[in-house]
Amino acid sequence: MKRAVRDDGLIVLTFSVIGFELGRKLYMMLEQAFDGQQPLVLSTGYDRGYTFLVGETMDRRGLRPPEGLNDVTPVFASPEVVADVSTDDWPFFYMPIRTYPASYIAMILVLLLISLLFVKQLAPGTSGSWSAPCFFLGAGFMLIETKGITELALVYGSTWVVVAAVIAAILVLAFLANLFVTRWGAPRPSVTYGLLVGSLVLGMVASRWVVTGLGTGASQLVLPLLLTLPLFFSGFAFSTELKRSASVAVALSSNLLGAMLGGFLEYNSMYFGFRSLYFLAIAMYLLAFAGSLRVRATAPA
C-alpha cells in the first residue's frame, strides 16, 4: 500500500475490529509501515467498525471528519492496550499477542494418545515395537513441509500454487532420493545427516536473501528447491532405515506417528514464529541420527 500511494496520497482502511487489541495491532502495523507516521482512527458508526487513515505527508490538523465520525485515535494509540505486531515470521493477524492456547495443548495430547492406540491396534506386527529413527524422521518431514509452504507464500502469495509447488518439489526429491539409493546405495549416516542438517541451516540463512535479493521469477525457481532440499537427504536416511528394518509395518507406523508429532510441533510457531521450526526440525533429525547410531550399535554382527 505504501509503495502504491503517491507521496501526497492518503490510505483509508476500514476494518471491523473485534477487540481493541486487534485495533491496536493494526494501528501499530500501519505506524511501523509508514516510518512512525501515526494513523488517524475514526469510528464509522456501525458496530466495531473503524477507519484508519495514514499517509506520508498526512496533516492530522487539516483533516476534518465528516459528521457522525468521531476521532478515537487515543483509544488505539494507548500503550496500555497490549498487542504484538504481525510479521512475515509471525503472521497471525487475528492473535492479538503471542500465546500458546492451553486448549491446543490439551487437544494435542488427546489426539496423540488416540493415534498411538489406533496404530497399535490396527497395524499388524507393531505391538511393542518402535523405530526411533523413522519416528523422528517423520516429525522432521512435517516441520519442513510446513515451513516450506509458509515461506514460499512470501513469493507466490497464499494460494493453492504454494501448496502445489511445495508438494511437487517434495515428490520429485523423494523420487530422486530413492532412485539414488537404489542405484548407488545410501551414504554413511554421518554424511547423510550432516548434509541434512547443513541443508536446513542453508535454508534458514538463505531463504530471506532469496526472497528479497532476487527477482520474483528467480525466487520462484530457486526457493522451492532450497526449502525442500533437506527432504532429499532425509530420503536417504528413511530408505536406509526401511531397508534395514525387520518389519516394514513398524517402520511405517513409527514414521506416521512421528509425522503427527511434527504436525503438532508446528503450533509452536504460534508463539515463537515460523523460523523456530528450523530449530525444531534440526532437533528431530539429530534425534533420528542418534537413534540410527544406537540401532547400528545394538544390531547383531
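The values are calculated or read from the model by the stated rules, or taken from the named source; none is laboratory data. All of these numbers come straight from a predicted model, not from anything done at the bench. Reconstructed Cβ throughout: ideal geometry from the backbone, glycine too, with neighbour counts over all protein chains shown. To get the accessible areas, we keep the full protein, side chains included, count just its heavy atoms, and leave off ligands, DNA and RNA. Shrake-Rupley method; radii C 1.70, N 1.55, O 1.52, S 1.80 Å.
Any residue in region 15-35 that is touching a residue at least 40 places away in the same chain (Cβ under 8 Å) and of a type in the set (Gly, Ala, Ser) sitting within a Cβ distance under 8 Å of a residue that is open to solvent by less than 30 Å² (accessible area, probe 1.4 Å) and in a helix (DSSP H, G or I)? List the pairs, counting only those 6 or more apart or interchain.
Here the result reads GLY23/PHE76, each pair linking region 15-35 to a residue that is open to solvent by less than 30 Å² (accessible area, probe 1.4 Å) and in a helix (DSSP H, G or I).
Determine whether VAL166 is touching an Asp or Glu at 6+ places or on another chain (Cβ under 7 Å), open to solvent by less than 40 Å² (accessible area, probe 1.4 Å), among the hydrophobic types (A, V, I, L, M, F, W, C) and closer than 22 Å to PHE274 by Cα.
So VAL166 passes the test.
Which one of these is at pLDDT 85 or above, over 19 Å from ILE167 (Cα atoms) and touching a Phe, Trp or Tyr at 6+ places or on another chain (Cβ under 8 Å): PHE236, PHE289, PHE264, PHE279?
Exactly one residue qualifies, and that residue is PHE289.
Could you grab the pairs with beta carbons closer than 8 Å, sequence gap of 6+ or different chains, first residue in region 274-288 and free of Cβ contacts under 8 Å to residues at least 40 places away in the same chain, second one buried (at least 19 other Cβ atoms within 10 Å of the Cβ)?
Pairs that qualify, where the first residue is free of Cβ contacts under 8 Å to residues at least 40 places away in the same chain and the partner is buried (at least 19 other Cβ atoms within 10 Å of the Cβ), are SER276/SER269.
Has region 250-262 got any residue that is touching a residue at least 24 places away in the same chain (Cβ under 8 Å), outside any helix (DSSP H, G or I) and closer than 17 Å to PRO189 by Cβ?
There is no residue in region 250-262 that is touching a residue at least 24 places away in the same chain (Cβ under 8 Å), outside any helix (DSSP H, G or I) and closer than 17 Å to PRO189 by Cβ.
Of all the strands (runs of 3 or more DSSP E) wholly in region 1-56, which have at least 3 residues that are under 26 Å from the mean Cα position of the chain (by Cα)?
By residue number, no strands (runs of 3 or more DSSP E) qualify.
Mind checking whether some residue in region 65-84 is within 23 Å of LEU265 (Cα to Cα) and open to solvent by less than 60 Å² (accessible area, probe 1.4 Å)?
Yes, the conditions are met somewhere in region 65-84.
Give the residue that is nearest to ILE97 (Cα to Cα), with candidates limited to residues of region 57-81 that are touching a residue at least 24 places away in the same chain (Cβ under 8 Å) and in a loop (DSSP other than H, G, I, E, B).
Applying the filter and picking the extreme gives VAL81.
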